[in-house]
Amino acid sequence: MTRTDKIAELRRKAMALPLQPGVYLMKDEAGHIIYIGKAKKLKNRVSQYFGSDTNHSEKVRQMVSRVDTFDYIVVGSEFEALVLECSLIKQHTPKYNILLKDDKGYHYIRVSPPPYSRLSEAKQTAEDGARYIGPYMSSYAIKQAVDEANKIYSLATCSRPLAYGKKGGERPCLNHHIGQCCAPCTGKVDPDAYQERVDEAVEFLTRGSAKTLAILQQRMEEAADRLDFEQAARLRDRIAAIKRLSEKQKVVLSRIEEQDVIALAQGSGKACFEVFRFTDGQLSDREQFLMEEQDDLPSARAAFIQQYYTLRGRIPLQVTVDGEVEDRDLLEQWLTEKAGRRVHIVLPQIGEQAKLTEMCRQNAAERIAQQVGMTGQTATALEEIRQLLDLPHTPAYIECYDISHTAGSEPVAAMVVFENGQPLRSAYRKFRVKSAIGGDDYGAMAEVLTRRMEEYLTNRDSGVGFGRKPDLILLDGGSGQVAAVAPVLQKYAPGIPLYGLVKDDRHRTRAIALSGGEIAIHRKRAAFTLLANIQEEVHRSAIRYHRQRRKGTSLATSLTEIEGIGPTRAKALLRQFGSLTGVRNASVEELLLVKGMTRPAAEAIQRYFQSKG
């Protein structure tokens, strides 16, 4: 049976399904479950997979190509379908479902043996004479707390040997000079005094900052009463350090005491979900999950929430997300039943919560940037562009076009390419405008894009150069240029997003143009900067090429003053010798090497330049 016959058979089977809620299980030839989904109406949902694949994402097409058969389970409601789907996904871990690895484990605070103990985070205990405090569930919280304790109490975090009274001790490092280490490596720090610091740091970690502050305040007052001002000053500095830390943490405080903030960033074929977990209004934990880029973002967010809270026991009162969530009401009901209390899924638009989701998304973008080797600012800019233009994917490959001419003469065009937010100069191209004349910028832009798309159709099997399909095409111009080019893309490569870049009176990027309107971009700072850079780069490239063409035309015109030299021979001479000086210095025999040159014409050139002195 051919694959076409198999798809037809699966479609007939799907069309026979009931119009009832249920769960379906896609299986490959070996009988392995490769995808599990739920449906409000099984017949409608499952039959979509085996009809036209025009609207299918690449991931869905791959999944369908592997399906040999499917099973289904009818349930009483959509909610029952959701609960069953979650259970079956956890049980079978199908390849094409979003699957999260539960890497949560126990973590400890390690205090190495004295003298000169060091504080660090450890994933497990060991029989090494060290003291282990814990266990704790959050590795993020432990790493943060240990780092804070080391800074507040000026403990050593380097690998240098530490000993008291050693000759020619080490020179203190930068941490000492910025007040974050007492420099026991110099051999001048008494081990008992250092151990006192360690004990206070452990007390800070186990009691918490509020209780530690009260204890330190009491100790400072007692030291002052007995006139031990040196000890009182030392305790005062510790109190000040803890308070500074508390002020710093207010950056990520939340009015809502218990909530999770979830944000998604995409780019360069990767997607990352970031989770900020807040307890008592403070950021208590954070997690990141990398996966392949997702096509349907509302569906991806819903699948992530299902998987995440299947793995996590703690469900907060509020789940704050950065975008639309498929089956949001059903998920709220499911979370509410799991938590045993009302749980809300919130999509903030303004205010503190919107700022938190944006911070969360920026951290996810930073994680992708690290993975693919670009800066976090670039990843953020590309994600902002995707959101602004409502693109299905982050635009990794962007082409931008501009037209340049002088009062309609010597019209040219330039194409620049940005890949992952960086100029890809090897892909830049220049065009001489052939058909559009008299300053017809709209016609020139349509001509250039027609030629580019024809090259795409010819070379698309190669997937490189003109054979690569751009994720986004930008034009240096407004809605008029967009309207002129839109029919071209519709004819040759429908589906490529097309927008213009509009400048203000000072020739600076102002907005994004589309047919019939504009999109303001000044509030999206990272996107604004990247788009402005792209527009400036294509403008420079077009101007540069136009000036080169004008210079060549001017030189060729001066040569046509010579008897026997027309425009064709003039351009051939300039190509051969590179400049008028090169032509002037050439011998008759060298001039005869130029294609189409005759001896009388070559001799006429020599006489011309000799007469000019």
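Rule-based calculations on the coordinates, nothing more; no lab input. This one's a predicted model, so the numbers in the text were calculated from it and none came from an experiment. We place every Cβ from the backbone using ideal geometry, glycine too, and count neighbours over all the protein chains shown.
What is the Cα centroid distance between the stretch 272-289 and the stretch 27-104, reported in whole angstrom?
A separation of 29 Å, based on Cα centres.
How high is the relative contact order of the stretch 560-611, in percent, counting Cα pairs under 8 Å that sit 6 or more residues apart?
It comes to 40 percent, rounded to a whole number.
Quick one: compute the contact order of the stretch 3-92, relative version, from alpha carbon pairs under 8 angstrom and 6+ residues apart, as a percent.
RCO, the stretch 3-92: 37 percent.
If you average the sequence gap of Cα pairs under 8 Å that are 6 or more apart and divide by the length of the chain, what percent do you get for the contact order?
Details: 1024 pairs, mean separation 43.3, N = 613.
With pairs under 8 Å counted, the relative contact order is 7 percent.
At q = 0.19 Å⁻¹, what log₁₀ I(q)/I(0) does a Debye calculation on the Cα points of the stretch 259-373 give, no solvent, two decimals?
-1.00
Going by how many other Cβ atoms sit within 10 Å of their own, how do 529, 93, 320 line up, fewest first?
Numbers: 529 16, 93 12, 320 24.
By the 10 Å Cβ count, ascending, the order reads 93, 529, 320.
Over the chain, what per residue volume does the convex hull of the Cα atoms give, in whole Å³?
Taking the convex hull of the Cα positions in the chain, it is 289 Å³ per residue.
Hey, what D do you get for the stretch 3-92 in µm²/s if you plug the Kirkwood alpha-carbon radius into Stokes-Einstein at 4 °C and 1.567 mPa s? Before the final figure, lay out the partial values.
Working: Rh = 13.2 Å.
D = 98 µm²/s.
Packing-wise, with mean Cβ within 10 Å as the measure, how do 537-546, 290-299 rank, highest first?
Put in order of decreasing packing, that is 537-546, 290-299.
Can you find, among 448, 155, 111, the residue farthest towards the positive end of the dipole of the chain? Put +1 on the C-beta of Lys and Arg, -1 on that of Asp and Glu.
The residue sitting farthest along the positive end of the dipole is 448.
Determine, for 118, 599, the number of other Cβ atoms within 10 Å of each Cβ, and report the residues in order from fewest to most. Working shown, then result.
Details: 118 18, 599 11.
Least crowded to most crowded, the residues run 599, 118.
List the residues, sorted by chain then number, that are 5 or more residues from residue 344 or on another chain and whose placed amide H is less than 5 Å from its amide H.
The list, which skips near neighbours in sequence, is 318, 319.
Send over the semi-axes of the stretch 560-611's equivalent ellipsoid, whole angstrom and largest first, taken as the square roots of 5 times the C-alpha gyration tensor eigenvalues.
Square roots of five times the eigenvalues give 13, 12, 11 Å.
Quick one: 60, 416, 146, fewest Cβ neighbours within 10 Å first, how do they rank?
Ranked by crowding around the Cβ, least crowded first: 60, 146, 416.
Less than 9 Å Cβ to Cβ from residue 262, Lys/Arg counted +1 and Asp/Glu -1: what total charge do the surrounding residues give?
Cβ neighbours under 9 Å give a net charge of -2.
What net charge is computed for the residues neighbouring residue 401, neighbours being all others with C-beta under 12 Å from the C-beta of residue 401, Lys and Arg scored +1, Asp and Glu -1?
Net local charge, residue 401 excluded: -2.
Give me a comma-separated list of calculated 3J(HN,Hα) values for the stretch 324-334, in order, Karplus coefficients 6.51, -1.76, 1.60 applied at θ = phi - 60°, integers in Hz, x for any Gly or Pro.
4, 10, 5, 6, 4, 4, 4, 5, 4, 5, 5
Grab the DSSP H runs of the chain that are 4 residues or longer, score each as -39,500 (n - 2.57), total them, divide by all residues and round the 222 nm result to the nearest 500 deg cm²/dmol.
Per the formula, -15000 deg cm²/dmol.
What size of dipole, in debye to the nearest 20, comes out for the chain about its Cα centre when the only charges are +1 on Lys and Arg C-beta atoms and -1 on Asp and Glu C-beta atoms?
Result for the chain is approximately 1660 debye, rounded to the nearest 20.
Positive end of the charge dipole of the chain (Lys, Arg +1 and Asp, Glu -1 on Cβ, about the Cα centre): tell me which of 360, 164, 395 has its Cα farthest that way.
Working it through, the farthest residue towards the positive pole turns out to be 395.
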